[in-house]
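Comments concern the structure below.
What follows is calculated from the coordinates using simple rules that are stated; it is not laboratory data. All values derive from a computational prediction rather than experimental measurement. Note that each Cβ is placed from the backbone with ideal geometry, even for glycine, and that neighbours are counted across all protein chains shown.
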Amino acid sequence: FGLGVPVILRNSEEAESSTRVLKKRMRQVKNPFGLEIPHPATASLMKLFPPPPRITLTPDCLEDCILTCYWGCSVQKLHEALQKHVYCFRIKTPQALEDALYSEYLYQQQYFIKKNDKEEKYCQLPEDAQVVDFGPVPRSRYPLIALLTLADEEDREIYDIFYINRVTKRNVIKHSSFLFSPPPPISMVAVIHIPDESYRLSCRILYQYLLLAQGQYHAPPPPHSLSLQLFMSADSTAPSPSAESPGERSTDRSLLEKAGLAEDEPELHEENSKDCVVCQNGTVNWVLLPCRHACLCDGCIKYFQQCPMCRQFVQESFPLCSKKEQDEDDSTHI
């Protein structure tokens, strides 16, 4: 073209990618905790808004839960608490978190959340708190921490029992695919920013930590957020299955269903019925890693080494549902 710039010419029909993208084995886990900020523009500590400062939160939980809000929580103590969940004790109740925080927060509020209840909850500081900001940046306190925990002790025990059975009594579960499942979530911590006179960044959820029964926690990088359907790595070596009684099989089946890890999970057809961004015809079925964009169908996935949404190189990918599940789903919608 006269400029000495190398140009790559391609045919109109794109060739199939010669470099194979690794297919990652994933397992779908039910996340019982969901939290949104429906009106972020109304949440503020700035003087132009009338006191008292408050924020509206909308929980979306699959079980009865307790929502506990901590205003002005110490940044250092919160991250120490997350490490205690990993190494010392499990944070599955508000009291457990408060013990780990050493009460390093300004004010606490608590709400009972009914299963599938999306009623807005108003969290606010008392009028006599006289808080106008949470200090200069970098801050030593987060404006608000929201903790979601299971309200029913029986639900918490079921999650714990499932983890104990899976680790210490593996011969109870016959189907090896169950053994690939990560431990279920037992609580969720959300770090929320609220604008004030010192830092006027708009209200938003900065971080979310999904705390697991095994003592781990899952934290998707911003701007990604935790959804009610969560996929985690299933790469593991399955032990050889042993014989089990029908009673044990029935009991463990009910535990798996309660924890959302049974094989017959609800189909995701309605949630994942978006069209492929490339062909605009096939149903989106593939998630690209590490960018996490779900944008390609089964037909187009083989042509791409880079994500068509952000151009990031694809290291691994995994399907939202198998070809067999798709065929069965298509046959039910004819």
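Couple of notes before you dig in:
- Per-residue ³J(HN,Hα) for segment 306-316, Karplus 6.51 cos²θ - 1.76 cosθ + 1.60, θ = phi - 60°, Hz, x for Gly and Pro: 10, 5, x, 8, 10, 6, 6, 5, 8, 8, 8
- Extending 7 Å from the Cα toward the beta-carbon at both H79 and S103 defines two label points whose distance is 2.6 nm.
- Taken one residue at a time, the phi angles of segment 286-300 give Karplus couplings (6.51, -1.76, 1.60, θ = phi - 60°) of 10, 9, 9, 10, x, 6, 6, 6, 9, 8, 10, 8, 5, x, 9 Hz. Gly and Pro are set to x.
- In this structure the amide hydrogen of F304, modeled in the peptide plane, comes within under 5 Å of the amide hydrogens of S17, none closer than 5 places in sequence on its chain.
- What the phi angles of segment 194-210 give under the Karplus curve with 6.51, -1.76 and 1.60, with θ = phi - 60°, is a coupling list of 10, x, 9, 5, 8, 9, 9, 4, 4, 4, 6, 7, 7, 9, 10, 10, 9 Hz, glycine and proline written as x.
- FRET efficiency for the R54 to L206 pair, using the beta carbon distance and R₀ = 25 Å, is estimated at 0.85.
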